[in-house]
1. Starting from the Cα-Cα distance between B:Asn82 and B:Glu132, subtract it from 0.36 nm times their residue separation and give me the gain in nm to one decimal.
2. Take the eigenvalues of the Cα gyration tensor for region A:136-191, scale each by 5, and report the square roots as semi-axes in whole Å, largest first.
3. For region B:324-396, what log10 I(q)/I(0) values come out of the Debye formula at q = 0.12, 0.14, 0.21, 0.24 1/Å, with one point per alpha carbon and no solvent?
4. Could you work out which residue, out of B:Leu25, B:Leu269, B:Leu184, moves most in a Gaussian network model of chain B, that is, has the largest mean-square fluctuation with Cα springs under 10 Å?
5. Which residues' amide hydrogens lie under 5 Å from the amide hydrogen of A:Met345, considering only partners 5 or more residues apart or on another chain, with H built in the peptide plane?
6. What nm distance separates the two modelled labels at A:Phe291 and A:Ser337, each placed 7 Å from Cα along Cα→Cβ?
7. Compute the normalised compactness of region B:50-131: alpha-carbon radius of gyration over 2.2 N^0.38 Å, N being the residue count.
8. Hey, can you list the DSSP H helices of chain B whose Cα span along the axis is 18 Å or longer and whose average Kyte-Doolittle score is at least 1.0?
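The values are calculated or read from the model by the stated rules, or taken from the named source; none is laboratory data. All figures in this text were calculated on a predicted structure; none of them were measured in a lab. Backbone-built Cβ (ideal geometry, glycine too); neighbour counts: all protein chains shown. The area values use the complete protein model at the heavy-atom level, side chains included, leaving out ligands, DNA and RNA. Shrake-Rupley method; radii C 1.70, N 1.55, O 1.52, S 1.80 Å.
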Amino acid sequence: MDKLTRRKLIGSGAAAAASIPVLHEVVPHQKVHDGLAKAAGGSEHGAHARQNGAGGSHGSGHRGVVGRVDPTVNGFDPRLIVRDFDEGTTRRIAGGRTLREWKLVAQDKEIEVAPGVKFPAWVYNGRVPAPTLRAREGERLRIEFVNGSSHPHTIHFHGIHVAAMDGVPGIGAGNIEPGGSTVYEFDAEPFGLHLYHCHSTPLADHIAKGLYGAFIIDPKRKRPQADELVMVMNGFDTNFDRSNEVYAVNTVAFAYEQDPIRVKRDELVRIYLVNALEFDLINSFHVHANFFNYFPTGTSLEPSELTDTVIQGQGQRGILELKFPHPGKYMFHAHVSEFAELGWMGFFDVVD
Amino acid sequence: MESATAPAKRTRPPWLLGLLPLVLLGAAIALFVALDAPGLERSGVPAEELVVDRTVLRPGEIELHVSNDGPDPVEVRQVIVNDGFVAFEQSDEQVGRLDGDKLTLTFPWIEGENYEVALLTATGGTISHSIEAAAESPEADAGFYGLMGLIGLYVGIIPVAIGMLWLPWVRRIDPRWVQFLLALTIGLLAFLGIDALLEGGELTRDGPEALGGAALVWLGAVAAYLALTGVDGLMARRSERERSGGASGFRLALLVAIGIGLHNLGEGLVIGSAYAIGSLALGATLVIGFALHNTTEGLAIVAPVAEEKPRLRRLALFGLIAGAPAILGAWIGASAFDVSLAAFMFGLGAGAIVRVIIQIAPSIRDSAGRYLHPLAVGGLLTGLTLMYATGLLVSV
């Protein structure tokens, strides 16, 4: 029996909990009996009947979550996040350069990470992962940060910039206290796939609770036209024992198993893959029945490897490019099998 | 009370005065509830305490019987078995306080392997439960109950009956040696009493706390002690009326039989439940061990009647009282094992035994009125040693 001492571990979390009582309300969710095993045919879920269901290749369906996460309750939907790139707003500044601006607001928010399972997250702009910020190499970037959370936070961007813009406590604006705000401003360099995250201490907590997102700097020489996807691999320590109970790409366990990502046959698919996982040292990505070109950190236009499995440590990321030559459903998941069966598993649905 | 005021007060019936505090208490509670417990809003997050009482394994399926041991309702939302989510069904989405629920997991478990189950609740908390050396749970059909009955027979009735066959021998030996045997009986019982207390305590360690936990063992002990004292008092009054004493040996034997019977009830429970969860190797060693162990219990019953002329039917009845509860216990344990119930029953056994020991104690006094004379001490130690040694053969 686990005596849930977790509440003590969040320390000042009592204040956070008190500030979000409204979100504690039980979400109206589907009957738990609508197990994945039964949902295998997909037809039981009228609202989601657009897919045939992932269960076809799921065998007896003995592995999987029971029920579904309602995206309207979370306020974000992994099915949309996967193709959602936030390019902010732009305007010309002196010297003919482009200034690109975003506003990010930190908040305390309870989210549903697996059907029926709540997690008291900290979020940028209401979602986990945070918006995928996308800029062009050489632009001037300006990010206004407002801390609407009950804890101090920062935004630390991976990239090349001056110390004052690094978003760490004690340097530059340092920690932004609740209610405070600041502006981070720097040049977009180098091109590639990066990430941003909160750098307040305790660091693992501030990241694991959801304050992270992908940060793409496109090269001046454009990459080839492709169907672009962003996948932030993450996990959730729901009982605060310093290990994750739930794993996923883009937060919701098995989201793309229940609703496969539809792609076109023979069309180039580009995946921006970021590992934001805490507590576990490595994560991985494996695609079935196919191989992909891998561009580590996306800092080169030449792939380093043609493979079907790639491992990423904490904070590592890379770009994958592949085409599906055959129609059908193809699994992708962490080849760390434990993560796969705890939620980090999905399907591509290749159509003509 | 002053005589002048007394008649005036007598007009009010006494029961009304006795009821007054209760009525006031009821009114206070009603007011408190009506005002919705002012100032006592629950702060913080719910405390989720779920206990897995029983695990049933069927091919491709794990059934968990859980009960809510904490103050708040618990909602199990997902189930993890060995680092993987599994499909499951539950009868209720929410398990209320002191309420129970059945979770049926679809999982292809492998015989002999260990499994770690985590119940993931709505708040993200986990309740973990280990399944060691998975084995299919026996179906509770007629054959199963027959088998349990047979185990009870072997463990309870037969050894006790065999032990009682020492009676003719006991009756022929020197009365001083009868004292030795009575002391030995006390030794045996002391061992059983301590064993029952420890066993009950051990059970409650993983059991629900809400129903009392370890306190149940002691509650059972006190209840059995008091009940047996009452029964003894009744029997004493009756036998006095019938033939002015003389039947104390039988009374003693009956009490010993009841005490041992209550102990065997608990023993049967543990055997039955161990068998039901597949953790009991029903080997010959176990049966032989129990036979040896419990044969000494038969001796304990007949020792007090060494100087009487016992009727066979009465002796048979004593044997049944002492041995048959093992069968009952095995049935209950195998079909509806409940930690709290078992702990309470072990407490009953222990309390009964203490009462019986106190009852027998005067019989071992020597002519000088000493309790712990060399022969008695020898008997006590022999009894303890005997139980300890035969107990080594039995480990459920």
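1. Additional length available on full extension: 16.8 nm.
2. 22, 11, 8
3. -0.54, -0.68, -1.06, -1.15
4. It is B:Leu25.
5. A:Val249, A:Phe254
6. 2.5
7. Scaled against compact globular proteins, the figure is 1.01.
8. B:14-34, B:248-276, B:284-302, B:339-360, B:374-391
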